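Taken together, the values in this text are just the output of simple stated rules run on the coordinates, not laboratory data. Note that the coordinates shown come from a computational prediction; the quantities given were computed from them, not determined experimentally. Don't worry about glycine lacking a Cβ; one is built from the backbone with ideal geometry, like all the others, and counts go over all protein chains shown.
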There are 2 protein chains.
Amino acid sequence: MSVLRPPADRTLDVVCIGNAIVDVLAQTDDAFLDRHGMAKGAMQLIDTEAALAIYGEMPPAIEVSGGSAANTAAGVTAFGGSAAFVGKVADDELGTVFGHDIRAAGVRFGTAALVGPEAARGTARCLILVTPDAQRTMNTYLGVAALVDGDDVDVDQLATARVVYCEGYLWDEPTAKDALRKAMDAARAAGTPVAFTLSDSFCVDRHRDEFLDLVDHSVDILFANEAEICSLYQVEDFEEAAELVSFHCAIACLTRSEHGSVILADGERIEVPAVATEVVDTTGAGDLYAAGFLAGWARNRSLVTSGEMASIAAGEVISHLGARPQADLVALLEASR
Amino acid sequence: MSVLRPPADRTLDVVCIGNAIVDVLAQTDDAFLDRHGMAKGAMQLIDTEAALAIYGEMPPAIEVSGGSAANTAAGVTAFGGSAAFVGKVADDELGTVFGHDIRAAGVRFGTAALVGPEAARGTARCLILVTPDAQRTMNTYLGVAALVDGDDVDVDQLATARVVYCEGYLWDEPTAKDALRKAMDAARAAGTPVAFTLSDSFCVDRHRDEFLDLVDHSVDILFANEAEICSLYQVEDFEEAAELVSFHCAIACLTRSEHGSVILADGERIEVPAVATEVVDTTGAGDLYAAGFLAGWARNRSLVTSGEMASIAAGEVISHLGARPQADLVALLEASR
């Protein structure tokens, strides 16, 4: 048995599917989180009322395009790879901002913006509080992002890709979940490997049985952090979770913050160190880790090199506010040699 | 004759009046400016078509509330002072962003958002290209900001203020110009000193005769950089311009980038050094200089101390992307002692 490789004769490195979100980032203190009953480091879904209440009390903020899988797509192109993104925005100002930023990052983004009455829900936004310890706590108003549907999934495009990357967060909404299922099924039919991120430990809590089934039957490359993989298998010990996941998918990339990551593939275990950096804002760390790994793997680089690329991309994005790369990742990779 | 002092028995430090703008900031190279025929370091007004064309070619951007006089108001509160802002946004997403950010900065902002057919022009945005030399080149789509009018000027509020700060840019639009004239006249009637910024050398070119008249008859405290003050008097030598302006208003604050600034008041000349910093983005340097000076002057601090506060605020804002302070300016001032 050999390590999973990308299919030959493909023209596109990665298709990413996820929530199309504009991040609203502000720096604040722990007391703000306590006052609003937020769990530090987690993502919670909020409704319009909560969004208005939290925003009303937030310090001055900046708006930056985000969305987990969208950040990953932007990270792939920052490494010189090719990427497409599938996700739903409304025909509004934040939708325009999202569409501009992802296209300007060189990502193909063909999903039509939503018009009509439902568009009044607005483009999704994530109210992110960054505390002095550089942790980010996320409050997501999903808006129309939840309405990405099967029709938005381009089966022909999936058949041209070396891998499709799916965001676990989509499982929270029935329409988006259908879109994700369609993408996974179409990928399988086309021989395109499926990568999946567990997204968030609370997200895993909400969908544990289905996620276990997905990892077992539909996912080839799994991304998870320590809390997520332990939550998935309901164990407390990381090593135990790592052993369990190794039986269930071809490649598992398990991230452990400043302790680096572990890549498990075909009985092999690779320890990847984190890149030392001054941490400003951890938003996007996991997304960019996945970007670096997939940008390498899709071009047939070794697991070790792909892991290094993952660490470099994650290290860059946590060194500044915002979840998309600001530096030339190719140059950072070359400088690391 | 003694130096101009703020009136006694006032409850508000500064009322700022200017264009309410959200900045759209991206880092780019000189070739981008050349390709679009932009004059580096300047501000040009653009129409909808140009805004779409430039935005369409801009790299991924971040959105941050801006507007010259609004940045100044946020700088005053960052020094613990009290400030109000008068300016027009539309009832749209960017208008919400602007209103949130300025209020979250502790600035009183009571101008009603524009609704109705004219609101379709949208909240103003400034497409700012930051080049590797940290210079910012600004392309402003004014939208509804141009529609701030006399009714938005609260005469009673002006009578409670220690100084009103007016943005020269408002002179470009007839409605906004009327609002500015009303504010200056009301301030004079209430005994509130008038501060004014020349804003931009091209703006001075467009309105030289009227600006000369304003400086002569309506302005007590003038803010200008080297290019602007030389343009006003159509001289090439800074010292010549400095001598000329000293005859025409009570206090003139002339900024010279890394060479610091010169404050001329009542025959006195104070040289203020710049604060050394790693320059990332010069957007807002002049706005925050004015904020620091006025925050000091309004509280009866000496011209020397007010100048130091100006340099500290300008130095902080050019050390990061975006035109509003991110650090605690009071702490920076204390640390400088």
Practice problem: Mind putting together the pair-distance distribution for the range A:2-53? All Cα pairs, 10 Å bins, whole percent per bin, short to long. | Solution: 14, 36, 16, 16, 16, 2
Quiz item: What's the local net charge at B:VAL279, with K and R +1, D and E -1, over the other residues with C-beta under 11 Å away?
Solution: -3
Self-check item: Structure-based [θ]222 nm, chain B - -39500 (n - 2.57) summed over DSSP H runs of at least 4, per residue, nearest 500
Solution: -11000 deg cm²/dmol
Quiz item: In terms of the ratio Rg/(2.2 N^0.38 Å) built on C-alpha atoms, what value belongs to the range A:260-305?
Solution: 1.26
Quiz prompt | C-alpha center-to-center spacing [the range A:226-302, the range B:273-330] in angstrom | solution = 44
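Run through the DSSP bridge list for the protein assembly as shown and note the antiparallel percent, rounded to the nearest 5.
40
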Exercise. Determine the relative contact order of the range B:157-313: mean sequence separation of Cα pairs under 8 Å and six or more apart, normalised by residue count, in whole percent.
Key: 15
Practice problem: Find out how many positive minus negative residues lie around B:GLU240, taking Lys and Arg as positive, Asp and Glu as negative, among other residues whose Cβ is under 15 Å from that of B:GLU240. | Solution: -4
Quiz item: Out of every Cα pair in chain A, what percent are spaced more than 26 Å from each other?
Solution: 42
Quiz item: Total Lys pairs in the protein assembly as shown closer than 28 Å by alpha-carbon, pairs eight or more apart in sequence or interchain only?
Solution: 8
Practice problem: For the range A:280-336, count the residues as N, evaluate 2.2 N^0.38 Å, and divide the Cα radius of gyration by that value, please. | Solution: 1.03
Self-check item: Separation of the B:SER302 and A:ASP328 label points, Cα + 7 Å toward Cβ, nm
Solution: 5.0
Quiz prompt | Inter-probe distance in nm under a simple model that places probes 7 Å from Cα toward Cβ, at B:GLU271 and B:PHE202 | solution = 3.3
Quiz item: What's log10 of I(q)/I(0) for the range B:234-280 at q = 0.16, 0.23, 0.30, 0.31 Å⁻¹, Debye sum over Cα points only, no solvent?
Solution: -0.47, -0.82, -1.13, -1.18
Quiz item: Which stretch or stretches of the range B:94-111 have amide N atoms under 19 Å from the point lying 7 Å from B:THR175's Cα along the Cα→Cβ direction?
Solution: B:94-96, B:98-99, B:110-111
Quiz prompt | Estimated inter-spin distance, B:ALA31 and A:ASP149, nm [label 7 Å along Cα→Cβ] | solution = 4.4
Self-check item: Cut-off of 10 Å, at most 14 other beta carbons, DSSP loop: longest stretch of chain B lacking such GluC sites (Glu not before Pro)
Solution: B:1-235
Self-check item: DSSP bridge pairs, the range A:168-264: antiparallel proportion in percent, nearest 5
Solution: 35
Practice problem: Subtracting the Cα-Cα distance from 0.36 nm times the residue separation, let me have the gained length for A:GLU57 to A:GLU240 in nm, one decimal. | Solution: 61.7 nm
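How big is D, in µm² s⁻¹, for the range B:239-332 by Stokes-Einstein at 37 °C and 0.692 mPa s if Rh is the Kirkwood radius over C-alpha pairs?
Taking Rh from Cα pairs, D becomes 246 µm²/s.
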Self-check item: Rg/Rh ratio calculated on Cα atoms of the range B:85-183 (Kirkwood radius)
Solution: 0.99
Quiz item: Taking a spot 7 Å from the Cα of A:SER2 along the direction of its beta carbon, which residues of the range A:183-209 have an amide N less than 17 Å from it?
Solution: A:193
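Roughly what % of Cα-Cα distances in the range B:1-135 sit above 19 Å, to the whole percent?
Value for the range B:1-135: 57 percent of Cα pairs lie more than 19 Å apart.
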Self-check item: Length-normalised contact order for the range B:28-137 - Cα pairs under 8 Å, 6+ apart - percent
Solution: 34
Exercise. In vacuum, with every alpha carbon of the protein assembly as shown counted as one equal point scatterer, what does the Debye formula give for log10 I(q)/I(0) at q = 0.09, 0.10, 0.11, 0.12 Å⁻¹? Two decimals, please.
Key: -0.76, -0.90, -1.04, -1.18
Quiz item: What's the local net charge at A:ARG108, with K and R +1, D and E -1, over the other residues with C-beta under 15 Å away?
Solution: -2
Quiz item: Which is farthest toward the positive dipole end of chain A among A:SER246, A:GLY37, A:ILE17, measuring Cα position about the Cα centre, with Cβ charges +1 (Lys, Arg) and -1 (Asp, Glu)?
Solution: A:ILE17
Quiz prompt | For the range A:141-186, diffusion coefficient by Stokes-Einstein and Kirkwood Rh (Cα), 20 °C, 1.002 mPa s, µm²/s | solution = 197
Quiz prompt | Length-normalised contact order for chain A - Cα pairs under 8 Å, 6+ apart - percent | solution = 20
